[in-house]
Structures are given as C-alpha cells and as structure tokens.
There are 2 protein chains.
Amino acid sequence: MVKMADVAREAGVSVMTVSNVLNERIPVGEPTRARVMAAVEALGYEVNLTARNLRAGRTDTVALVVPSFHDYFGELADEVAPLIEAGGRHLVLERTSANAEQEMEALSVARLQIYDGVLLSIAGLDLELLGRVRTTKPIVLLGERDVPDHFNHVRLANESGARLATAHMIEHGARRILALGCAFDAAHVMATDRRVGWERAHHAAGLEVDPALVVPVGDYTSLSAYETMREVIARGTAFDGVFAVTDIVALGALSALVESGLRVPVDVQLAGFDNLDMSRFIPPGITSVDANHKGVAEAAVGLLQRQMEGRAGPAEHLVEPVRLVVRGSTRGGA
Amino acid sequence: MVKMADVAREAGVSVMTVSNVLNERIPVGEPTRARVMAAVEALGYEVNLTARNLRAGRTDTVALVVPSFHDYFGELADEVAPLIEAGGRHLVLERTSANAEQEMEALSVARLQIYDGVLLSIAGLDLELLGRVRTTKPIVLLGERDVPDHFNHVRLANESGARLATAHMIEHGARRILALGCAFDAAHVMATDRRVGWERAHHAAGLEVDPALVVPVGDYTSLSAYETMREVIARGTAFDGVFAVTDIVALGALSALVESGLRVPVDVQLAGFDNLDMSRFIPPGITSVDANHKGVAEAAVGLLQRQMEGRAGPAEHLVEPVRLVVRGSTRGGA
DNA sequence: CTGTTAGCGCTTTCAT
DNA sequence: ATGAAAGCGCTAACAG
C-alpha cells in the first residue's frame, strides 16, 4: 500500500508538505504543490482514513442507525444521505433489528468513536436504558419514544396525524373505525400516541369510542395485519373504517378486506400512516398521513450538524408536523 | 477517554496483558484476568476501534454498497445482515445513487481499506471502468451487469425468470404482452436480459414477438411506469398482458390499468419481477418472479467470506435461480 | 504466563 | 514556506 512517505520521497519533499498539500491546511508554494500532486497521481496515493482518524479524531462519516433497512427507514435514509453529503461527510447505515441490546451497542463508546455523529432511530430502547448513555459525541435520536431531556430528538406529530386521518373518515360517514395496530401500553409509544389521536378525533366529533375497536398487530408486518384483519372479519365485528397504524399495516388490511369481498371505500374506508411511495399506487390509492421524511431528515441533520460544528446549545426536542394525503381508499378521495 | 494504559495501571499489569485478556488471544492467568476485567468495568473502558484497526489491519466490518436504500436493496440488505453477523462481523450500508462515479469511489483505495470486505451492487459501472479497479481486498459484485472475469460476481437468472413469467401469461391466454421497462440496449443489461426472456417465451410457444410491445420506462419508478402505461393506453395500443421489469414498475402499471377501467387479470394479466414483500398483498396479488434474496445473499456472503478467510481460489460467477410466484394478477392465480 | 519494544500512517506542534 | 520530532491507542513479535 502506497503511503504518504512514498509520495514525499517521489516528490522530494517531507511528509508534512504532502499532508499540507492534501489537506489545504497551510499554504504551500505552487511549484512544490504541483510536484506533490504529480507524485500523488503517479503513485495512485490515497490517504489512509484509519490513520487520519486515529491522529485527527475525525472520520467525516455519520451513521444512521435504524431498526431495519426496509420501507420507512429506507425512504428516510434516502432523504438523509444527500443532506449529510452536502456537509462534506459520508453517510453509512447500520441496523439494529429493533433490538434494545443492539441499539445500546450502537451508542457504545467503541462505535461512537468511529463516527463524527450518529442518528439513531430508536425502537427498542426505553428512557431508563437511554439515561445510562453518557457521551459527548454528537447524537440525534429519531422516533416516537420518549427520551431523556439531554438528547436532541426529532419525532413526528403522531397524535395529530392519527386525528387527521380519523376525522377525515368520520367526516365521510364512518362511525365504527378500527384502530388497527394501535395500543394502550407504554411499551408501544407510537401505537399508543396514534390511538390517542384516533380517540380525540371521535371526541371532537362528539362520538364515543369503543375500546374493542383497538386491535393490536403483533409485529407490524403486512402479514400480521392481514391475519389480524381476517380474524376480525371472521369474528363478525362490525366496522366501516380502518385506521392503520402504518401503511405496511394498511396494506395487509387492504388485502384481507378485498379478499373478504369488502369494497374499499364503499363498505370500509381505510387510512394509513407514513405515506410510503407505494401507497399512492396501490389501487384504489391509500389515504395516508405523510410522515414528512424530508422534514424529519432536515431537522435531524440540522441538529446533528450543529453539534458536530461545535455550536451546541441546549438539546432540542422537535416534533415535525404531518399532513393527510387523501386518496381513493377513503370517501373524500378522487 | 479512558484508554488501555489506564486499565493496565488500575489493574497493576502491563498494557499487553489487558490486550490479551480482551482479545482472548493468549491465555492469561485467572487471577490476573479477573483483576483486568474488574478494572475494565470500573473505568468503563472500551477498545478504540480506530487504533486497533490501524495496528491490526482489520475492522471486522463489511460494507454493502447499493444504488439506493429503497425496496429491493433494503430487502436484500436485511437478508445479508444476519449472515455477516454470524461471521462475527458488522455490516454497514452505503449508497451510490446508481452513479458510476460514486460506485468507483466505493471501490477506491481509501474506502476499501476501512472495510474487511465489500459487497457492491453495481448499477452504473461498466466493464471498462471496473476493469481499471485493481485491489486485493475481498470484493463481491452483485447485479445484472457484465463484470471482468477476475471479480467474484452473483447475479440473477434474469432471462429465465422473464421467460417463466411470460410463458405463464401466454399459457393463460395472453397474446399481446407488453414488455414494460424492458430494453434493447447494452446500457441496460438487466432490462435487456429480461426482454430476451420475454422473447424466448414467445418463441417457445410458437408465437411471434412484436417489438412495438417493448416499452422502456425512464427511471424504473412506479411513477414513470404509471405515466408510461397511461400513454400506452391512450395511444390505443392493443395488449392483454404486461410483463413489468420489476415489481415497482408493475405497481405503477397496475395503478394506471385500474384507473383506466381495465380489469386485472380479466382484461389484462400482469406479472412483475423481484417478488417484493408488498407484492403478495397488493390486490389482487401481483404474480412475480422471486428474486431469491436469500440465495443471492448466501452466495454473495459465502464468496466474500471465502476471500476474507484467505482461502481465495479463482473468481466465481454465480447465477442464482429464480422461481415464479403466481398470484391473482394473472389468470393462473388463486 | 507476563512484560518490553517497536511501529501501523498520519497530523500536531514547534523549529527553521 | 518547509521540515523534524513526537505520539494518537493499539497489537505483533519476541524476551523473560
């Protein structure tokens, strides 16, 4: 492997001069500079990032750590990447399988030191575990759980989004709206927040809510949602709307509804959350709360860059607004 | 930052002993070992990966470099991750935007040296550019382009998959099958291979192919596919089947078909390629060629691990088999 | 089994 | 404007 010393020898200068040319730190005389560049070209030299990192304490790399590479996170990552690159840094993705242990590991000293900053999408970690993390590395937490105050945090307006979607279906005549994938327990903060939105929409319309309509979905896959929906239908539960906690869940539900001969939106209205790319195209078009990837990405990267540039300030807790995108799966749709 | 020397002092041993305890390289006496571990705990020490990397020349990290984090690649990545982890290494994802320049950069000396191995999904690079890459780092290329012989390479049986899907629709009565997103030019190897499969299915059934039915789709998004499909319909082209080059393209097509009042599969049969998770659930279920993520992931990781373990052997070029998954969008479906 | 010595490739600091 | 020396934190190799 060709190293800086090789370039220096080739150009007849010291290593330090090569370093200065490459990093443009200290002005270097033009002829010297040209000789160095020629040597770099000739030898095909490239800096050893590990060595630079050890000495300079900087990797120019940011990690986005997500529960899985699928769907929502894939779309978010594609939004984050250009923003990080615009700041002259590199983005890499890591995956935790929504597993608390692996999320903690992502925040371990060992991992943090190899990145200039970390965006961590939390799925498994709770307040207590997060509270134990002590680090001065730039970190921004993403996602719908509560986090200790001293962390920067970006989340979605879950409750408001769920309220919008539910209110929209109520407005168009739905009276028994399933809260599919929603929850009552603190362990599922997102599912609980969205259930609260679903409730508030009812109250705002002067309607009662039936807790029996809150139906959890095991692992938030389309398959679980499909199976759950089939059971609900088989059980004979009466409903004329479905608010699905995510678009992936909505898709599973749609499949079950269609298979059971229920027409969407005539017999049952359906709305999801996330507004995945696909939701626009799945007939009849899935009405969905847009998860505002762009807003989340910009807010998170902004917060991270502020820390990486050293102008920290107190931790912020941002709630990104969401909006409803109406499509054919609800009666207001085209 | 607490370092190894701090632990050594605390435990009253040398740095080397700490290193040996932590890496379990050389047996260490139990009492010493216990003292070291106690010191590690007490100080909250964690190894500096950068320093280890610089000295040991190993990062225990593999990069999967993909054009985008979306859909197909997200699913593939979720398949690759556990295999890499089973080998005691870490997987990170990087993204190239399907851009030749960024793909070359992923293969640059600088990036390669920070990983023990790289899985590169090529989208933009051609033979000529790839031929210039000279490295001894373990690399496996993924994807549907031709690559220089000396690279390990895993690809799908594109032609055979396209043939299966097309033959299935012919068998069920389709006679004018659009090859949506397929191509004739060498720049789109995958789209061209799949077109060849579409042709061969016709020939095998004793049918002529109409080249006018090969309709390219700009950027392989659902949106482009939707727009293209609308145009084809508006133009009055007669067709009774659509072979879409990917499921994402199939989804866009489905949306346009339904919007135009064409019934799937009664008026038009539809098949895609990739068998994305969603394809099963999108009513009426999209018949699709399964892209065999698992097979691709296993083959690629196997080839990579062979190289990383030093038992190299000549480069292999694997073609992973595919199979057709029949669903409601074709007449053979449930 | 434990410790000493050397050095991975680079950048910081300070001298020229 | 350029260079020499020192050392980031760790591990390979060898000595005791």
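The values are calculated or read from the model by the stated rules, or taken from the named source; none is laboratory data. Keep in mind it's a predicted model, so treat the numbers as computed, not measured. Positions of Cβ are generated from backbone atoms using ideal geometry, with glycine treated the same way; all protein chains shown enter the neighbour counts.
Looking at segment A:143-163, can you tell me whether even one residue there is within 27 Å of A:Glu231 (Cβ to Cβ), in the same structural domain as A:Val249 (by TED's automatic domain parsing), part of a loop (DSSP other than H, G, I, E, B) and aliphatic (A, V, I, L, M)? Within segment A:143-163, not a single residue is within 27 Å of A:Glu231 (Cβ to Cβ), in the same structural domain as A:Val249 (by TED's automatic domain parsing), part of a loop (DSSP other than H, G, I, E, B) and aliphatic (A, V, I, L, M). In summary, helices (runs of 4 or more DSSP H) completely within segment B:1-120 and bearing 3 or more residues that are buried (at least 17 other Cβ atoms within 10 Å of the Cβ) and within 16 Å of DNA strand C (Cβ to nearest atom) occur at B:4-11, B:15-23, B:30-43, B:49-56, B:109-112. The residue that is surrounded by the most Cβ atoms within 10 Å (Cβ to Cβ), counting only those in segment B:164-191 that are at pLDDT 95 or above and assigned to a helix (DSSP H, G or I), is B:Ala165. Hey, can you tell me all the residues within segment A:279-302 that are out of contact with any helix residue (DSSP H, G or I) (no Cβ under 6 Å at 6 or more places or on another chain) and facing chain B (nearest Cβ under 10 Å)? Within segment A:279-302, A:Arg280, A:Ile282, A:Pro284, A:Gly285 meet the criteria. Residues considered: A:Ala253, A:Ala244, A:Ala234. Of these, the only one that is surrounded by 24 or more Cβ atoms within 10 Å (Cβ to Cβ), more than 19 Å from A:Ala167 (Cα to Cα) and either out of contact with any strand residue (DSSP E or B) (no Cβ under 7 Å at 6 or more places or on another chain) or within 14 Å of another protein chain (Cβ to nearest Cβ) (or both) is A:Ala253. Evaluating A:Val258 against the criteria (1) touching a residue at least 12 places away in the same chain (Cβ under 8 Å); (2) within 12 Å of chain B (Cβ to nearest Cβ) leaves one unmet condition, (1).
Of all residues in segment A:41-82, those that are within 16 Å of DNA strand D (Cβ to nearest atom) and within 17 Å of the chain's Cα centre (by Cα) total 0. Every listed requirement among (1) in contact with a helix residue (DSSP H, G or I) (Cβ under 8 Å, 6 or more places away or on another chain); (2) away from every other protein chain (no Cβ under 14 Å) is met by A:Leu213 save one, (1).
Taking the conditions exactly as written (more than 26 Å from A:Glu320 (Cα to Cα) and either more than 16 Å from DNA strand D (Cβ to nearest atom) or under 20 Å from the mean Cα position of the chain (by Cα) (or both)), does A:Glu85 satisfy them or not? Can you show your working first?
On the way: more than 26 Å from A:Glu320 (Cα to Cα): no; either more than 16 Å from DNA strand D (Cβ to nearest atom) or under 20 Å from the mean Cα position of the chain (by Cα) (or both): yes.
When the stated conditions are applied, A:Glu85 does not pass them.
Kindly establish whether A:Val109 is away from DNA strand D (no atom under 16 Å from the Cβ) and within 8 Å of chain B (Cβ to nearest Cβ). Can you show your working first?
Numbers: away from DNA strand D (no atom under 16 Å from the Cβ): no; within 8 Å of chain B (Cβ to nearest Cβ): yes.
No, not satisfied.
Answer yes or no as to whether A:Thr221 is of a type in the set (Val, Ile, Thr) and buried (at least 24 other Cβ atoms within 10 Å of the Cβ).
Details: of a type in the set (Val, Ile, Thr): yes; buried (at least 24 other Cβ atoms within 10 Å of the Cβ): no.
Criteria not met by A:Thr221.
Note on segment B:1-21: residues that are within 14 Å of chain A (Cβ to nearest Cβ), near DNA strand D (Cβ under 7 Å from one of its atoms) and at pLDDT 90 or above amount to 2. Which residues, counting only those in segment A:121-147, are within 14 Å of chain B (Cβ to nearest Cβ), surrounded by fewer than 19 Cβ atoms within 10 Å (Cβ to Cβ) and either in contact with an Asp or Glu (Cβ under 9 Å, 6 or more places away or on another chain) or among the polar types (S, T, N, Q) (or both)? Answer for segment A:121-147, where residues must be within 14 Å of chain B (Cβ to nearest Cβ), surrounded by fewer than 19 Cβ atoms within 10 Å (Cβ to Cβ) and either in contact with an Asp or Glu (Cβ under 9 Å, 6 or more places away or on another chain) or among the polar types (S, T, N, Q) (or both): A:Thr135, A:Thr136, A:Lys137.
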